[in-house]
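We did not get these values from a lab; they are worked out from the coordinates using the rules stated. Quick caveat, the model's predicted, so the values are computed rather than measured. Here the Cβ positions follow ideal geometry from the backbone for every residue, glycine too, while neighbour counts run over all protein chains shown.
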Amino acid sequence: MLKIESSLSKLAGQEQLYLTLRKKEGRLYTDEQVKELPQVAKKHPLAKEWKVRKHSAQRLIKYLAAKARPLKILEIGCGNGWLCHQLSYIPGTAITGLDINTPELEQAVRLFGNTPSMNFIFGDIFEDILLFEKYDAIIFASSVQYFSNMVQAIDRVMPFLNKNAEIHIIDSPIYKTERDAIEARERSKNYFEMNGVDEMAKYYHHHTYGFLQKFNHQVIRPGLSERLLGTGYFPWIIIKPRVF
């Protein structure tokens, strides 16, 4: 089931740039491919990337399943729904995927929308689309780079957390210093220009660990074994409401 509760007009330009880039990168997948994600063929051009995503997804699922209780989970920036699909195998879960990208979200609905435990919503978290909802886990998977201000984004979703709930950030680059972020921003700008989507730089952001200072958080960095196996590129960040 897909709920569309937001205006398309202000998102149309960003969506078109995003889809143009993803097509050039080979990141628009067929229905059959999405059903199998994060598993891809060994010779797939993005096999290394999906190896990382498979590892982080399995690690997150194991962590959440160990809570051994029914969970309501929200994934912000769910795209084609592959991670929601994987999370739905955790016993007792109810999964909501949210995104502003219409074609990928429609694909998620087409493939997984008939699963009773899964629901998809079109919209922006800064609009009133999640009123009165509460979740046990909110996940940003490879999506924080599309938010210009992560402090505002985390503040926005905090009221949607149940007691003892958590926010998880995975599969996203977070930079140690502002200089690192500036250098990465320049690399991204050159990359977008090379691919003919110059304006994408306006929508792709580079965050440092500084945004976490306001929050009760834990950063789990890749271990040596993960780095050696090629599965450890990004930190796993867990944010919990402060207890006063």
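Can you compute the helix-only [θ] at 222 nm over the chain? Use -39500 (n - 2.57) per DSSP H run of at least 4 residues, normalise by all residues, nearest 500 deg cm²/dmol. Calculated from helices alone, the mean residue ellipticity at 222 nm is -11000 deg cm²/dmol. Remark: the range 100-156 carries a charge dipole of roughly 140 debye about the Cα centre, counting +1 on each Lys and Arg Cβ and -1 on each Asp and Glu Cβ.
Rounded to the nearest Hz, the phi-derived 3J(HN,Hα) couplings of the range 221-227 under the Karplus curve 6.51 cos²θ - 1.76 cosθ + 1.60 (θ = phi - 60°) are 8, x, x, 4, 5, 5, 5, where x marks glycine and proline. Arranged from fewest to most other beta-carbon atoms within 10 Å of their beta carbon, L111, L87, L17 become L111, L17, L87.
When only Cα pairs under 8 Å and 6 or more residues apart are kept, what is the percent relative contact order across the chain? Taking the mean separation of contacting Cα pairs over the length of the chain, I get 20 percent. Expressed to the nearest 5 percent, the antiparallel share of DSSP beta bridges inside the chain is 25 percent. Each Lys and Arg contributes +1 and each Asp and Glu -1, all at the Cβ; summed about the Cα centre of the chain, the dipole is approximately 940 debye.
Between M194 and N164, what length in nm is gained on full extension when 0.36 nm per residue of separation is reduced by their alpha carbon distance?
6.3 nm
Net charge around C78, counting only other residues with Cβ within less than 9 Å of its Cβ (Lys, Arg = +1; Asp, Glu = -1)? Summing Lys and Arg as +1 and Asp and Glu as -1 gives -3. What shape does the range 172-215 have by the C-alpha gyration tensor, where a ≥ b ≥ c are the square roots of the eigenvalues, rounded means a/c under 1.5, and otherwise prolate means a/b greater than b/c and oblate the rest? Prolate, since a/c reaches 1.5 and a/b exceeds b/c.
When Lys and Arg each count +1 and Asp and Glu each count -1, what net charge do the other residues less than 14 Å away from Q152, Cβ to Cβ, add up to?
Charge balance in the 14 Å sphere: -1.
Applied to the range 94-108, the Karplus parametrisation 6.51 cos²θ - 1.76 cosθ + 1.60 on θ = phi - 60° returns per-residue 3J(HN,Hα) values of 10, 10, 10, x, 10, 7, 10, 9, 5, x, 5, 5, 5, 5, 4 Hz, with x for Gly and Pro. Annotation: the residues D99, D124, sorted from fewest to most other C-beta atoms within 10 Å of their own C-beta, follow the order D124, D99. A simple spin-label model places the labels of A41 and I129 3.4 nm from each other, with each point 7 Å out along Cα-to-Cβ. Summing +1 for each Lys or Arg and -1 for each Asp or Glu among the other residues whose beta-carbon sits under 15 angstrom from that of L19 gives -2. Cross-linked pairs K24/K48; K48/K176; K24/K189: Cα-Cα separations exceed 21 Å for K48/K176. Can you tell which of N164, L111, I220 lies farthest toward the positive end of the dipole of the range 2-240, using +1 and -1 charges on the Cβ of basic and acidic side chains (Lys, Arg; Asp, Glu)? Among N164, L111, I220, the one farthest towards the positive end of the dipole of the range 2-240 is I220.
By the gyration tensor of its Cα atoms, with a ≥ b ≥ c the square roots of the eigenvalues, what is the shape of the range 33-148: rounded for a/c under 1.5, prolate for a/b over b/c, or oblate? Since a/c reaches 1.5 but b/c is at least a/b, the shape of the range 33-148 is classed as oblate. Here, the range 2-240 has an Rg and a Dmax of 17.2, 48 Å when only alpha carbons are counted.
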